[in-house]
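Derivation of every value follows stated rules applied to the coordinates shown; laboratory data play no part. Since the model is a prediction, treat every value here as computed from it, not as a measurement. Here the Cβ positions follow ideal geometry from the backbone for every residue, glycine too, while neighbour counts run over all protein chains shown.
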Amino acid sequence: MRTRLSTQQRREQLLGIGAGLFAKRPYDEVPIEEVAEIAQVSRGLLYHYFPTKKDFFAEIVRGQRDQLLEMSAPDPALPVVEQLRAGLDVYLEFARTHPDGYRIVHRATGGDDDAIREIREAGMAANAERILTALGALTTVTETTRVAVRGWLTFVATVILGWLDQPTITQDELRDLCARTLFAAVGVTP
């Protein structure tokens, strides 16, 4: 029997189901009908909320990215090194407690979809700006610094994905590795 939900509740339900499915299987292997079946709604109702499968997937990626950005916002009252450590702690804890959401944001392809690339790029740009702003208190931010931070963000995403699949070191060890790598990449001794 189908449960009556408010528009917002139904939308959130559909996004949650989709997030779970897309985190475990590639985009092309998740039929929209499966989402509708799990939610016990018609495919037409799902398309009422999200006009296409790509729109649905993009909204999932955007939602997971926004949640992660909100949770990892830096505390400017902390010293720079502590801001970084605190941000990494939140990021790693999100990945550990929301592995599906983390995988969606960092493994999302959605085919050759420009919207997905733009969502991921906006998340990376927001994180890079946060880090560059903090680093500005320790060093002069140059174009080399910017390139190093962008590369470091890709490194962090990759090592966290590997850690989620095979957690061979502790969360604290991974955080410290990531922090040391950033400072080495930008040539700063904390």
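Kindly give the semi-axes, whole Å and largest first, of the ellipsoid equivalent to the stretch 37-110, taking each as the square root of 5 times a Cα gyration tensor eigenvalue.
Ellipsoid half-lengths, sorted descending, are 33, 11, 10 Å.
Can you give the calculated 222 nm mean residue ellipticity of the chain, where each DSSP H run of n ≥ 4 adds -39,500 (n - 2.57) and the sum is split over every residue, rounded to the nearest 500 deg cm²/dmol?
Value at 222 nm, helices only, nearest 500: -24500 deg cm²/dmol.
Run the quick spin-label model on Lys24 and Leu161: label points 7 Å from Cα toward the beta carbon, then report their separation in nm to one decimal.
2.0
For the chain, which longest stretch is free of loop sites, where a loop site is one of the trypsin sites (Lys or Arg not before Pro) that DSSP puts outside H, G, I, E and B and that has at most 13 other Cβ atoms within 10 Å?
Result, exposed sites excluded: 5-190.
Rounded, prolate or oblate: which fits the stretch 61-186, taking a ≥ b ≥ c as square roots of the Cα gyration tensor eigenvalues, rounded meaning a/c under 1.5, else prolate when a/b beats b/c?
The shape class here is oblate.
Taking the beta-carbon count within 10 Å as an exposure proxy, list His98, His106, His48 from fewest neighbours to most.
Lowest to highest Cβ neighbour count: His48, His98, His106.
How far is helix 114-135 tilted, in degrees, relative to the longest principal axis of the Cα atoms in the chain, given as a value from 0 to 90 rounded to the nearest 10?
In the chain, helix 114-135 runs at an angle near 30 degrees to the longest axis.
What does the charge dipole of the chain about its Cα centre add up to, to the nearest 20 debye, if the Cβ of each Lys and Arg holds +1 and the Cβ of each Asp and Glu holds -1?
Here the size comes out at about 260 debye.
Calculate one ³J(HN,Hα) per residue across the stretch 62-71 by plugging θ = phi - 60° into the Karplus curve 6.51 cos²θ - 1.76 cosθ + 1.60, and present them in order as whole Hz with x for glycine and proline.
Once θ is set to phi - 60°, the couplings for the stretch 62-71 become 4, x, 5, 4, 5, 4, 5, 5, 5, 5 Hz.
For the residue pair Tyr47 and Gln8, what label-to-label distance in nm results when each label sits 7 Å from Cα along the Cα-to-beta-carbon direction?
Taking the simple label geometry, Tyr47 and Gln8 are separated by 2.8 nm.
Would you work out if the stretch 110-183 is rounded, prolate or oblate? Take a ≥ b ≥ c from the square roots of the eigenvalues of the alpha-carbon gyration tensor; rounded if a/c is under 1.5, else prolate when a/b is larger than b/c, oblate otherwise.
It is oblate, given that a/c is not under 1.5 and a/b is not larger than b/c.
Normalized C-alpha radius of gyration of the stretch 23-80, against 2.2 N^0.38 Å?
Dividing the Cα Rg of the stretch 23-80 by 2.2 N^0.38 Å gives 1.59.
When only Cα pairs under 8 Å and 6 or more residues apart are kept, what is the percent relative contact order across the chain?
22
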